1. Sort 92, 138 so that the residue with the fewest other Cβ atoms within 10 Å of its own Cβ comes first and the one with the most comes last.
2. Among residues other than residue 147 whose Cβ falls under 9 Å from its Cβ, what is the net charge (Lys/Arg +1, Asp/Glu -1)?
3. Within the range 124-139, name every residue whose backbone N is under 16 Å away from a label modeled 7 Å from Cα of residue 26 along the Cβ vector.
4. Using the Karplus curve 6.51 cos²θ - 1.76 cosθ + 1.60 with θ = phi - 60°, work out ³J(HN,Hα) for each residue of the range 11-26 in order, rounded to whole Hz, and write x for Gly and Pro.
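Where a number appears in this text, it was derived from the coordinates with a stated rule and is not lab data. Values in this document were obtained by computation on a predicted structure and should not be read as measured data. All Cβ positions, glycine included, derive from the backbone under ideal geometry; neighbour counts span all protein chains shown.
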Amino acid sequence: MATTPAPHSTILVVDDDPTTILMATNPLQHAGYTVLQAPGSAEALRLFAEHPQPIHLILTDIFLPPPSFQLSVAKNPYPRVNGLEMVDRLLEKERDLRIILMSGTPGPDLCSRGLIREGLPFLKKPFSNEELLTLIHETLAGPPTMQGPTKSPASGRAEVEWVD
């Protein structure tokens, strides 16, 4: 299994399910990666902004919990948003970043709902250690993630869209 990590690679795992975070963290740490954890987008955005070292890859669930209370998404630097919105915010700040989306919902269902972006690697939950490590290694070895198209204002959608 060719899963030798790049030296000093740091991965941020974002998921509201503690079991998923644990299932991703253990094999990644065992393989030599530095792993940071966040239970939601607000925590991930804050951690990304405040972490003193570069974060090389974000492994995030697409469906993150909506806010229990939030004054403004536009003016809040660390809002609770879905995984794709969080990815867009991170890519605005960092050009040398890799992203992997994950979900328990099958990829074709997510594609038909516009929740998977072309060019972003996808990991179906539940995943095996080998699937995780192989995708992490391949993604880190590849080019940085390019920022996708933003939603057009004419779509009539709100800035934050929550899907159950």
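1. On the way: 92 10, 138 14.
Final ranking by Cβ density, sparse to dense: 92, 138.
2. Values: positive: 95; negative: 88, 92.
Summing Lys/Arg as +1 and Asp/Glu as -1 gives -1.
3. Zone members listed by number: 126-133.
4. Calculated HN-Hα couplings, in order: 10, 9, 9, 10, 6, 7, 9, x, 5, 5, 4, 5, 5, 8, 5, 4 Hz.
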